[in-house]
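Before any comments, here is the structure.
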Amino acid sequence: MHKNWIAGQWLGSDNVQQNLNPSDLSDVVGEYVRASADDVEMAIASAHAAWPAWSLSTPQQRFDALDMVGTELLARKAELGELLAREEGKTLPEAIAEVGRAGQIFKFFAGEALRLEGEALASVRPGIQVEVSREPIGVVGIITPWNFPIAIPAWKIAPALAYGNCVVFKPADLVPGSAWALAEILSRSGLPEGVFNLVMGRGSVVGAAFIEDPRVEAITFTGSVPTGRQVLEQAAAGRKKVQLEMGGKNPLVVLDDANLETALDCTIQGAFYSTGQRCTASSRIIVQRGIYDQFTSELARRTQQLRVGHALRADTQIGPVSEAPQLEQNLSYIKIGKQEGARLLCGGEQLERDTNGFYFSPAVFADADSRMRIAQEEIFGPVATVIPADDYEHALALANDTEFGLSSGICTQSLKHAAHFKRSIQAGMVMVNVPTAGVDYHVPFGGRKGSSYGPREQGRYAREFFTVVKTAYTAA
Ligand code: NAD
């Protein structure tokens with residue numbers, strides 16, 4: 001049985017859940033405890049007690065711990081990737097790459113611990129020196145979703161620790177295995193007792209408990225819009241610092257002058273890989289009329305050739321959907337799209353395979369209107385909605401016609417349109433002839449409008465959330 005890591009020890013509980021493989025429900029990945037309210041209280045108390053000393057730890061201490069975690073993740077990426085693919089359902093190469101990414105993130109933030117500089121300025125008043133420095137915030141509560149079970153925890157935990165904060169970490173209930181494996185490595189990394197705590201369990205019990213606790217100074221959350229809104233409201237009551245990364249409905253514009261191969265690759269990669277379960281997935285494919293018929297018929301042809309199957313099989317391109325409610329959601333949006341009058345070109349069906357899992361064929365809707373629900377709401381599955389556009393200006397207006405603003409993309413060979421699109425799209429990230437999903441770890445990640453709230457994650461920009469600025473005046 002896999003226990004919680006609280007106050008430097010592994011703590012059990014009577015409340016245990018089975019972690020099931022969505023490719024094969026007869027495969028139990030493991031048993032994981034769920035924390036009680038008392039466990040959360042203990043985790044917060046230990047993090048709070050550990051913080052005064054940890055906030056004064058040297059950059060070398062932080063570097064050593066984070067670097068050790070990064071090295072071990074990279075060395076074990078094949079083994080941990082298999083665990084991740086088993087519990088979440090993304091394909092083995094995708095899962096191994098995700099663990100590798102988590103390792104790179106820990107290495108990056110190990111270095112960032114050494115590079116946290118401040119500023120020294122002359123005062124406007126004589127004889128006074130001004131210093132601006134960054135300090136850790138205190139205890140940070142971390143809440144993560146199920147779709148990147150190790151990379152998202154890594155890109156929150158690593159900067160939190162690098163900048164001298166203590167952590168209480170709650171992974172998604174659906175995928176505790178990768179989070180537990182990461183916590184197990186952290187438990188051997190030399191961090192003092194209480195600096196890092198793992199509390200697996202339900203959001204309504206565990207997450208809600210630490211959002212309300214005054215000893216937790218900041219909450220960083222990634223997940224759905226409704227939960228994010230609730231987290232923000234609760235955290236605001238306690239005047240906490242909050243960072244939210246939520247849903248997306250990311251547009252990919254394909255202009256008449258696009259390279260067809262590039263546009264098809266970007267669409268298939270962005271809309272369907274990782275089973276479409278990425279916040280940065282391309283789900284609004286906006287295509288100019290001159291290339292529209294050729295593009296949609298070739299997209300449908302290639303989509304039908306994608307091999308959907310068990311995440312661990314070598315020939316699988318698209319793994320199963322993560323869980324039964326998500327499969328139901330995908331199927332219900334297929335119905336909605338048909339009722340709204342979009343033309344289903346392929347897919348959208350539950351599939352049988354030789355193991356009992358949540359298999360679903362990638363779907364393409366054509367001739368959609370931007371105001372349809374399938375063009376506006378996050379489906380979070382392998383469903384691409386194609387919307388025709390008259391010209392570049394129309395395509396840009398359609399691309400911005402969404403409440404979200406996470407990622408975006410354009411396929412074109414026109415420098416003029418690419419440059420204009422990069423400036424005019426209302427999104428945190430924009431890709432030119434590159435899929436909307438798939439980002440670097442050393443640069444900022446995050447969105448605008450309904451997708452995000454608070455400072456960016458990742459890269460050097462992570463310090464905006466995980467530190468607080470102090471201005472000191474000294475008279476010589
Ligand atoms: P979710 O909102 O259901 O859950 C996210 C986390 O919040 C889980 O750990 C859950 O247990 C916890 N939680 C649930 N209720 C809570 C409460 N009342 N208080 C505190 N915590 C609570 O999201 P999900 O289904 O796990 O993930 C899918 C969503 O995540 C999608 O909308 C996707 O777009 C989004 N996502 C966004 C990004 C991004 O960076 N923008 C990245 C990945 C996923």
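Each of Tyr292, Ser408, Gly177 was placed along the dipole of the chain (beta-carbon charges, centred on the mean Cα), and the one lying farthest toward the positive end is Ser408. One decimal place: the segment Glu403-Arg371 gains 10.4 nm when fully extended, by the rule 0.36 nm per residue minus the C-alpha distance.
Since only Tyr32, Thr474, Ala324 are under comparison, the one whose Cα sits farthest along the positive direction of the charge dipole of the chain, derived from C-beta charges on Lys, Arg, Asp and Glu, is Thr474. You can think of it this way: the chain between Gln426 and Leu260 has 57.2 nm of extra reach, that is 0.36 nm per residue less the Cα-Cα gap. Computed over the alpha carbons of the chain, Rg followed by Dmax gives 23.0, 79 Å.
Per residue, how much accessible area does the stretch 371-435 have with a 1.4 Å probe, in Å²?
In whole numbers, the stretch 371-435 has 39 Å² accessible per residue.
For the residue pairs Lys241/Lys470; Lys240/Lys449; Lys422/Lys449; Lys156/Lys449; Lys107/Lys156; Lys249/Lys449, the C-alpha atoms sit more than 18 angstrom apart in Lys240/Lys449; Lys156/Lys449. Relative to the longest principal axis of the C-alpha atoms of the chain, give the angle of the C-alpha long axis of helix 415-424, reported between 0 and 90° and rounded to the nearest 10°. Result, in degrees: 50. Using a probe of 1.4 Å on the protein chains alone, the accessible area found for Arg202 is around 120 Å².
For the stretch 250-432, the equivalent ellipsoid derived from the Cα gyration tensor has semi-axes of 27, 16, 15 Å, listed largest first. Compared with the dominant principal axis of the Cα atoms in the chain, helix 151-162 is inclined by about 20°.
Taking 0.36 nm per residue of separation and subtracting the current Cα-Cα distance, fully stretching the chain between Ala120 and Arg76 would add 11.6 nm. Rolling a 1.4 Å probe over the protein chains gives Tyr392 an accessible area of about 10 Å².
Here the accessible area is traced with a 1.4 Å probe on the protein chains. For the chain, carbon and sulfur cover 51 percent of it.
Each Lys and Arg Cβ is given +1 and each Asp and Glu Cβ -1; about its Cα centre, the stretch 326-466 then shows a dipole of about 500 debye.
Taking label positions 7 Å along the Cα-Cβ direction at both Val469 and Gln129, the computed distance is 2.1 nm, reported to one decimal. Rounded to the nearest 20, the Cβ-based charge dipole of the chain about its Cα centre (Lys and Arg +1, Asp and Glu -1) stands at 940 debye.
The values are calculated or read from the model by the stated rules, or taken from the named source; none is laboratory data. Fair warning: this is a prediction, and the values are worked out from it, not measured in the lab. A quick note on method: Cβ atoms are made from the backbone with ideal geometry, for glycine too, and the neighbour counts reach across all protein chains shown. For accessibility, only protein heavy atoms count, side chains too; no ligands or nucleic acids. Shrake-Rupley method; radii C 1.70, N 1.55, O 1.52, S 1.80 Å.
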